[in-house]
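Structure first, commentary second.
A short reminder: the numbers here are calculations on the coordinates, not readings from a lab. This one's a predicted model, so the numbers in the text were calculated from it and none came from an experiment. Cβ atoms come from the backbone with ideal geometry, glycine included; neighbour counts cover every protein chain shown.
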Amino acid sequence: MTTPPTIAGTPFAPWAASWRWTFVLIGVIALARLAYLAWFCPYTLLEDEAHYWEWSRNLDWSYYSKPAGIAFLIAASVSVFGESEFGVRVPAVLGGALFALVTAALAREVTRERRAGFVAAALVHLVPMFQSTSLLTSIDMPYAVCWSVAALGVWRGVLGGSTRWTIIAGLGAAAGLCFKQTMLLWFPGLILAAWSGSRQRPDDRRRVWLRALCVAGLALVGLLPNVIWNAQRDWPTVRHLLGHLGMQGGDVVVVDSAQARGYDPLWTLEFVGTQFALVGPALLLVVLGWRRLADMPEARRFLAFFAFPILVFYLAVSFKTEPEGNWAYAGYCTLVPLAAITVVRGMDEFVLACARWRALPEPRPRAGFLVRRPETPVQVAWHATIAIGLLAGLGMLRLDWLVQTPVIGPRIPLSRLVGADQMAAHVERLREELRARAPGAEPLVISQFYGRASQLSFYLPGHPVVYCSGSRMGGRKSQYDLWTHTDLSDPSLAGRSAVLIGDAGQDWSWGLEQVEPAGRLDGDRKRNREAFLGFGYRPPRRTTP
């Protein structure tokens, strides 16, 4: 691999070559995000955030849909910062900062261009997908950190010969498996990297494969808690994943009409389109850089090895069922360094082109398509990445303001971001009404949806137990079906009144003697949702898993 010459006066030289400015960029943005979450964030916990918080109150080796990593992360955070929205979301900010740092290190190491580290860190803060997961807690950000740490460990350990980094690679992959099972799609990258590295290093071939085997062995240790927990409970997580993929043995009770008809080309088109929306113009930088980096084939292959398997896998899934756009999230972790070195080289070329153009006698000829001065594809894509990244990053801070705009507003899913506290306040008023009408045992709160159940539990006074009835009303199972303290079959619940939340027109006679409509909850922006008052709860028969 050759190192391109550093050109004095380029946008990233010489200051961007220093780690100092990368640390400053990451640190300033992390502090700004923490301040925003502490004092200015208008968003209540998302349903998934609240559900992971619910897990953190009931720590276990694994859970119905995911491993336990996110639960332990939130539990540690709230123990320090309190049982608050800020406490739940601090891991997102810290994870985003760590991800930017590791991505910068990966870019510097693999490309041998120090300026690429700063650009990679900047790209992490400009890609919309990474921006949102650095503010709102999800499994994706810690999972991305683990993916990138493990990839860096393979570069320096398996291919570079470092024992310490070989161990770091294995531990990073093991930690990733504690957050998300799809970390298994990282392993094809390990195999491909070892195969390519052994061909490039024939004298070290056996040791390359031995180090790769050590990484795989260490990594699979991270899968053990999830495997043991599932084996004791008839593999609920496997059933959940099969259900997502629309396969036999999955936990989907009702197959939607689109899936019943077979393949819908919109699944693939929407998946591909979503990737461009989530990544933005940075995806164009990856495409532009692929041919431009022909002089560094090993680096280019290595970065692709840990990206393409997961991207191709979920593209294939789109021919079977409708995938979520963020499922391929980790595939972009190692493509950011590829985009970063493209920016560095492309902007070097752009600055030289501008210098030559300015040296021409007046009047200078028009050299660009959008402006008079010279333009290059990389420069246009980089400037578009900055512009769209800044607009997206600032816009997502106050989507409640943007929802008022005529074109963008109707497309903003604000119902997921606000109103949970208002809904909980309304539910508490309904509980007071039930206490007056049916004195005695404390009224139950039962939600048809697990996410809404977790939100209500977080925002109701005292964080009470909220029950989920989804699996008894034609929906998928959730962690609520496995916990004993949320078991709706508990005989001790008999006869109690309940506040019920679900779709309009739902039949609650499976568990309530009498049901009265109570209208929509305050703050509930989801269509077709209503609240009800129930009386005379009858626990259904307990089913054997």
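3J(HN,Hα) along region 351-368, derived from phi through the Karplus expression 6.51 cos²θ - 1.76 cosθ + 1.60 where θ = phi - 60°, amounts to 5, 5, 5, 5, 5, 5, 5, 5, 6, 6, x, 6, x, 6, x, 5, 10, x Hz, with x in place of Gly and Pro.
Where in region 160-196 does the amide nitrogen come within less than 11 Å of the point 7 Å from the Cα of L213, taken along Cα to Cβ? Answer for this model: none. Multiplying the residue separation of I386 and L59 by 0.36 nm and removing their Cα-Cα distance gives an extension gain of 113.6 nm.
Would you please state which residues of region 219-251 a label at K320 would reach in this model, taking the label point 7 Å out along Cα→Cβ and a backbone N cut-off of under 18 Å? Backbone N within reach: 236-251.
How big is the antiparallel share of DSSP beta bridges in the chain, given as a percent to the nearest 5? Don't skip to the end; give the middle numbers.
Working: 13 of 19 bridges.
Around 70 percent of the beta bridges assigned by DSSP in the chain are antiparallel ones.
Taking every C-alpha pair closer than 8 Å and separated by at least 6 residues, the mean separation divided by the residue count of the chain gives a relative contact order of 15 percent.
Give, as a single signed number, the net charge of other residues whose beta carbon lies under 15 Å from the beta carbon of A277, with Lys and Arg counted +1 and Asp and Glu -1. Present the calculation step by step, with values, prior to reporting the outcome.
On the way: positive: R411; negative: E270, E324.
Overall, the nearby charge balance is -1.
Using the average count of surrounding beta-carbon atoms within 10 Å as a protection proxy, the listed peptides 162-175, 34-47 rank, highest first, as 162-175, 34-47.
Ordering A16, A328, L402 by Cα displacement along the dipole of the chain toward the positive end leaves A16 in first place; charges were set at the Cβ atoms of Lys, Arg (+1) and Asp, Glu (-1). When the scattering of the chain is computed by the Debye formula from its Cα atoms alone, each counted once and equally, what is log10 I(q)/I(0) at q = 0.05, 0.06, 0.10 Å⁻¹? Listed by q, the Debye log ratios stand at -0.24, -0.34, -0.89. Shown here is the pair-distance distribution of region 195-328: with all Cα-Cα distances grouped in 5 Å bins from zero up to the longest one, the shares run 2, 8, 11, 14, 14, 14, 14, 12, 7, 3, 1, 0 percent. Kirkwood radius, region 30-182, all distinct C-alpha pairs, inverse of mean reciprocal distance: 16.2 Å.
If you count, for each residue, the other Cβ atoms within 10 Å and average over each peptide, how do 323-331, 221-229, 201-209 line up from highest to lowest? Numbers along the way, then the final one.
On the way: 323-331: 21.1, 221-229: 16.9, 201-209: 13.0.
Ranking the peptides 323-331, 221-229, 201-209 by packing returns 323-331, 221-229, 201-209.
Is there a quick way to get the dipole size of the chain? I mean about its Cα centre, with the Cβ of Lys and Arg at +1 and of Asp and Glu at -1; what is the value in debye to the nearest 20? The partial results should precede the final answer.
Numbers: 53 positive and 41 negative charges, 398 e Å.
Computed charge dipole of the chain: roughly 1920 debye.
Each principal axis of region 420-537 carries a Cα extent, and these read 33, 32, 29 Å when sorted largest first. Ranked by the mean number of other Cβ atoms within 10 Å per residue, highest first, peptides 338-345, 97-104 order as 338-345, 97-104.
Looking at region 446-545, what % of its DSSP beta bridges pair antiparallel, to the nearest 5?
Values: 12 of 16 bridges.
Expressed as a percentage, antiparallel bridges in region 446-545 total about 75.
Ignoring aspartates and glutamates fewer than eight residues from K320 along the same chain, the ones with Cα atoms less than 20 angstrom from its Cα are D251, D256, D264, E270. Between R366 and H485, the simple spin-label model (points 7 angstrom out along Cα→Cβ) gives 7.0 nm. Using a cut-off of 14 Å between beta-carbons, work out the net charge of the residues near G153 (Lys and Arg +1, Asp and Glu -1, G153 not included). Net local charge, G153 excluded: +2.
D for region 332-481, whole µm²/s, Stokes-Einstein with Kirkwood Rh over alpha-carbon pairs at 25 °C and 0.890 mPa s: what number? Can you show the working numbers first?
Working: Rh = 21.2 Å.
Using the Kirkwood radius from Cα pairs, D works out to 116 µm²/s.
Rounded to whole numbers, the Karplus 3J(HN,Hα) couplings from phi for region 184-189 are 4, 6, 6, 5, x, x Hz, using 6.51 cos²θ - 1.76 cosθ + 1.60 with θ = phi - 60°, and x at Gly and Pro. For region 92-108, putting each phi into the Karplus relation 6.51 cos²θ - 1.76 cosθ + 1.60 with θ = phi - 60° gives couplings of 5, 5, 5, x, x, 5, 5, 5, 4, 5, 5, 5, 4, 4, 5, 5, 5 Hz, in residue order, rounded to whole numbers and with x for Gly and Pro.
Here region 503-524 and region 386-419 have alpha carbon centers that stand 32 Å from each other. The fraction of Cα-Cα pairs per 10 angstrom bin, counted from 0 for region 357-424, comes to 16, 28, 21, 17, 12, 5, 2, 0 percent, rounded to whole percents. Across every direction, the projection of the convex hull enclosing the Cα atoms of region 148-190 has a mean area of 2.5 nm².
A straight line joining the Cα centroids of region 25-96 and region 433-497 runs 24 Å. Close amide-amide hydrogen proximity is noted between L512 and R538, each under 5 Å apart and 5 or more residues distant or on a separate chain (H modeled in the peptide plane; Pro and chain starts excluded). Sequence-distant contacts, meaning Cα pairs under 8 Å at least 6 residues apart, place the relative contact order of region 420-537 at 29 percent. Near A518, the amide H atoms lying under 5 Å from its own belong to A531, F532, L533; only residues 5 or more places off or on other chains count, and H is placed 1.01 Å from N. Sorted into 10 angstrom bins from 0, the C-alpha pair distances of region 296-396 split as 13, 27, 30, 20, 8, 2, 0 percent.
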